[in-house]
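Novice: Here it is, the structure in full.
The values are calculated or read from the model by the stated rules, or taken from the named source; none is laboratory data. Source: prediction; values computed, not measured. Here the Cβ is made from the backbone with ideal geometry for all residues, glycine too, and neighbour counts use every protein chain on show. SASA here: full protein model, heavy atoms, side chains in, ligands and nucleic acids out. Shrake-Rupley method; radii C 1.70, N 1.55, O 1.52, S 1.80 Å.
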Amino acid sequence: MLHDGNKVIDESRQGEAIMTKTSESGERKLLIESYGCQMNFSDSEIVASIMGEAGFSTTRDAEAADVVLINTCAIRDNAEQRVRGRLQFFKNLKKTKPDMVVGVLGCMAERLREKLLEQEQLVDLVVGPDAYRDLPNLIGQVDSGQKAVNVLLSREETYAEIAPVRLDSNGITAFISIMRGCDNMCSFCVVPFTRGRERSRDPESIVREAQELFDQGYREVTLLGQNVDSYKWNLTNKGEIKDPEKETVNFAQLMEKVALVNPDLRVRFSTSHPKDMTDDVLHTMAKYENICKYIHLPVQSGSSEVLKKMNRGYTREWYLDRIAAINRIMPDCAISTDIITGFCGETEEQHQETLSLMAEVRYDMAFMFKYSERPRTLAERKYEDDITEDVKGRRLREVIDLQMECGAERTKALVGKTHRVLVEGTSKKSEDQLFGRTTYNTVIVFPKGDIKPGQYVDVHAHDCTSVTLLGEVVPS
Ligand code: SAH
Ligand code: SF4
Ligand code: F3S
């Protein structure tokens, strides 16, 4: 997960819309806005590539756009509301630009399908996450006066050979999708319905993409999947090898292959699932310095009973054992999490168990959310959403308050030490300062000198705010 410290986002994780680069040529212009998780941002880069092949150049300017594609998130109701606001904006804009094509991509497209076209008349085009290759064709249909929909989910599509067009890139850090979909069926979660079955991408194409990024000057890749620990590629898939046992690539092996691309290429990943995270993965992380010592391990709740109702596949004790394994194998590893407050039937005692688990683990960072019931999920069908908004909100505040305390304490513990930092750019607050990240994903700010983004430097942290380290470069 890429984030700046303890930012609390009670909707989509990476809520800021990204817009694409402007082109000078006179081709048809495409605006892509992305909402939701890193997967969606990564998918938008695949969409830009497919549309680029079809002759579209990208723009940031809504007024200049011939086609607008909104890549949407359905994870919580407020994520959807936000997108609806945006769609309304484009609907209004269309009054002055009737030829402009507006399309919905991603998880809301998959969830709402034709409804977006028929009942709500908000858009011209609805395309689910596995149908992006069909986009140029569907836009052709819209051009000829029809509405167009493709929300077919696939068991095979991984867009493996499509070279993403990096959008809004800093040229240093990039995402690589290693798998798609999710087979887990956590009872609160809409993702299995919007993203379909889990499938892994060919490791060769992943390593090739990492190598190409490195050759272009990138210095960090984040391997993305809803549950990276269940990554599995069987070489027999390609009909080449006949011994599946010997020829299976699991996540630990994939990560090793990517780490070996170059010691100067940092490797991160997201998201691990507590029920599947093996010691193998931890040993591989420990073995390679360029694999960042940071794990996002969403717990959701500290109560075994709630976890059971959430269908998470682990207990509090199992989760704490995984934390103990991380601390044993990599004593300095940073850990972050996701927490949901006010899940169906959550008692005050069960909420206290979440707080006590947090107090025990002392996370570096957390994403914290109020439970939001999602249509079609197991929880919607089976349990009553019976915790009031007030109680959900109060529990969320308690969780946030405790996390602020733990996060600040974890940041402080990094002061007085020297950190290897990958420099990412100029600090938002001052032109004379640069910022980069430690292996723990902590942002560190320091005076510029003659250092350039993309370089590695050793920075001594002499102070901190609650989430950011302040330092001085140590001459090498
Ligand atoms: N695959 C990742 C999670 C993706 S969704 C994983 O298993 O960890 C990101 C986070 O959104 C989840 O971890 C969960 O904390 C939160 N979330 C998902 N569905 C939610 C819902 N219905 N209400 C509130 N938060 C939810
Ligand atoms: Fe949703 Fe669970 Fe899959 Fe994560 S692992 S995407 S929370 S179903
Ligand atoms: Fe949202 Fe879909 Fe990601 S629901 S969190 S964009 S997988």
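Novice: Take segment 187-224 and flag every residue that is within 16 Å of ligand 1 (Cβ to nearest atom), part of a loop (DSSP other than H, G, I, E, B) and more than 18 Å from residue 110 (Cα to Cα).
Specialist: 187
Novice: Only strands (runs of 3 or more DSSP E) wholly contained in segment 1-85 count here; list those with 1 or more residues that are modelled with pLDDT under 95 and open to solvent by less than 20 Å² (accessible area, probe 1.4 Å).
Specialist: 56-58
Novice: Could I ask something else about it? For segment 107-121, name all the residues that are farther than 11 Å from residue 150 by Cα and in a helix (DSSP H, G or I).
Specialist: 107, 108, 111, 112, 115, 116
Novice: Going through segment 411-447 one residue at a time, which ones are surrounded by fewer than 22 Cβ atoms within 10 Å (Cβ to Cβ), closer than 21 Å to residue 264 by Cα and charged (D, E, K, R)?
Specialist: If the condition is that a residue be surrounded by fewer than 22 Cβ atoms within 10 Å (Cβ to Cβ), closer than 21 Å to residue 264 by Cα and charged (D, E, K, R), then 420, 424 are the ones that fit.
Novice: So, in segment 160-180, of the ones that are part of a loop (DSSP other than H, G, I, E, B) and within 16 Å of ligand 3 (Cβ to nearest atom), which residue ends up nearest to residue 57 (Cα to Cα)?
Specialist: 167
Novice: Write out, first by first residue and then by second, each pair whose Cβ atoms fall under 8 Å of each other, whose residues are 6+ apart or on separate chains, and whose first residue, in segment 183-197, is among the hydroxyl-bearing types (Ser, Thr, Tyr) while the second is more than 9 Å from ligand 1 (Cβ to nearest atom) and outside any helix (DSSP H, G or I).
Specialist: Listed pairs, sorted by first residue: 187/310; 187/311; 187/383; 194/74; 194/128; 194/129.
Novice: Among the residues of segment 152-162, is any crowded, with 18+ Cβ neighbours inside 10 Å, touching a residue at least 60 places away in the same chain (Cβ under 8 Å) and more than 21 Å from residue 226 (Cα to Cα)?
Specialist: no
Novice: OK, next. Whether any residue in segment 150-159 is in a strand (DSSP E or B), more than 16 Å from ligand 3 (Cβ to nearest atom) and not aromatic (Phe, Trp, Tyr) is what I want to check.
Specialist: yes
Novice: Which fully enclosed helices (runs of 4 or more DSSP H) of segment 304-379 have 3 or more residues being touching a Leu at 6+ places or on another chain (Cβ under 9 Å)?
Specialist: Helices (runs of 4 or more DSSP H) meeting the threshold: 316-329, 348-361.
Novice: Going through 313, 345 one at a time, which residue ends up being free of Cβ contacts under 8 Å to residues at least 60 places away in the same chain, more than 16 Å from ligand 3 (Cβ to nearest atom) and out of contact with any Cys (no Cβ under 6 Å at 6 or more places or on another chain)?
Specialist: 345
Novice: With 125, 138, 117 as the choices, which residue is at pLDDT below 95, surrounded by 16 or more Cβ atoms within 10 Å (Cβ to Cβ) and not charged (D, E, K, R)?
Specialist: Unique residue meeting the criteria: 117.
Novice: Mind telling me which of the residues 215, 143, 183 ends up being of a type outside the set (Lys, Arg), open to solvent by 40 Å² or more (accessible area, probe 1.4 Å) and within 16 Å of ligand 3 (Cβ to nearest atom)?
Specialist: 183
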